[in-house]
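For reference, the structure is listed below as structure tokens.
The values are calculated or read from the model by the stated rules, or taken from the named source; none is laboratory data. All values reported here derive from a predicted model rather than from experimental measurement. Positions of Cβ are generated from backbone atoms using ideal geometry, with glycine treated the same way; all protein chains shown enter the neighbour counts. These accessible areas exclude ligands, DNA and RNA; they are computed on the full protein's heavy atoms, side chains included. Shrake-Rupley method; radii C 1.70, N 1.55, O 1.52, S 1.80 Å.
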Amino acid sequence: MVYVYALVDTHPAPPSPQGEGHGGAPLCVVSRGAVAAVCSHHDHLELPVEGDHLWRHEHVAETLMEDHAVLPVRFGTTVADEDALAAMLDERQAEFCGAFERVRGRVEISVRVLWTPPEAEAEPSAATTGPGRAYIFSRLAARNAAAALAESVHCRLAARAVEAQYDVSATPRLLLSAAYLVERDGVSGFLEAVDEAAQRHPEVELLCTGPWPAHTFAQSTVGGLQ
Amino acid sequence: MSTSRALGPSSLSTSEVTLLELIDRLVDKGVVLHGDITLAVADIDLIYVGLRAMISSVSSLERGE
């Protein structure tokens, strides 16, 4: 079987990947037109979702993105053989070329905003209208303020990014979960904006990681996210 | 190359944050080829479970537990 790490553009030069793949297997390249797949051959492969294996996979994309437009491939992807892989590359040339242009010269930065809801007021002890309504409205107000904060942080960051994919309030504490596609030379300005947002809003925690290869933006918009 | 910058309480483990982000990216994102996924793990709920566990542990750290 053939394990696939990433897709890379072949212009101006095809990739010559350094280093090793899983289990010390050498990295190889299957090229079709403008698209090359970086892969390795295995008779048998057991790949638990563990740090070492994930970083091995990730490392391939990160090394290649120095010199190429890179589309990271989902972890654990195997195909039967090189012919099968070549057929897939042929079938989706136009889609992958479009994706290369989308990510070329850009990196992905992840931002999450975590919030601790304020200590709940004492539960209303009796079904009286006054204290009960005040309790509910104060909770709602806190929630609305938090949602507004998340949108505000996202808007400031999105203004410094080429593209953004984001989700607001996925969980009660996860106010914002976002990925931003940022021009390489815009990264320091973007990170300054993140620092600024963190300082402006000490009531929340900002988690920022990156730069990453464009995992989130590598998926084709045709057919939607998986 | 990926530098994790966990802003906020210094008690937050930056390597834990980065690993969770890595799992989320590799398991749930990236190009999907019409091949086989060798793993049974491709469930977004797992990622949220991981993140919830991290959020819970952060809460515990803040409360000094």
**OP:** Over chain A, with every protein chain in place, what whole percent of the accessible area is carbon and sulfur at 1.4 Å, could you tell me?
**Re:** 52 percent
**OP:** Sort A:R102, A:R112 from largest to smallest accessible area, using a 1.4 Å probe on the heavy atoms of the protein chains.
**Re:** A:R102, A:R112
**OP:** Have a look at A:A214, A:A94, A:A141 and tell me which one the Gaussian network model of chain A (Cα, springs below 10 Å) gives the largest fluctuation.
**Re:** A:A141
Subject >> In degrees, nearest ten, helix A:129-158 long axis to first principal axis of chain A (Cα) >> reply: 30 degrees
**OP:** Calculate how steeply helix A:187-200 sits against the longest principal axis of the alpha-carbon atoms of chain A, using the helix alpha-carbon long axis, and give the answer as 0 to 90 degrees to the nearest 10.
**Re:** 20 degrees
Subject >> Cut-off 19 Å, label 7 Å out along Cα→Cβ of A:C28, residues of region A:57-81 by amide N >> reply: A:57, A:60-61, A:76-81
Original post:
Can you give the accessible area buried between chains A and B, summed over both chains, with a 1.4 Å probe, in Å² to the nearest 100?
Top reply: 4400 Å²
Original post:
If you line up the long axis of helix A:82-91 against the longest principal axis of chain A, both from Cα atoms, how many degrees apart are they, to the nearest 10?
Top reply: 60 degrees
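Averaging over every viewing direction, what projected area does the convex hull of the Cα atoms of chain A cover, in nm²?
16.0 nm²
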Subject >> Residues of region A:1-36 with amide N under 15 Å of a point placed 7 Å along Cα→Cβ from A:D83 >> reply: A:1-2
Subject >> Heavy-atom accessible area order for A:L45, B:L19, largest first, 1.4 Å probe >> reply: B:L19, A:L45
Original post:
Of A:V182, A:A99, A:F75, whose Cα points farthest to the positive end of the dipole of chain A (charges on the beta-carbon: +1 Lys, Arg; -1 Asp, Glu; origin at the Cα centre)?
Top reply: A:V182
**OP:** May I ask you to derive the FRET efficiency for A:T171 and A:A134 from their Cβ-Cβ distance with R0 = 41 Å, giving the value to the nearest 0.05?
**Re:** 0.95
Original post:
Taking a 1.4 Å probe, which of A:Y135, A:Y166 shows the most accessible area, and what order do the others take after it?
Top reply: A:Y166, A:Y135
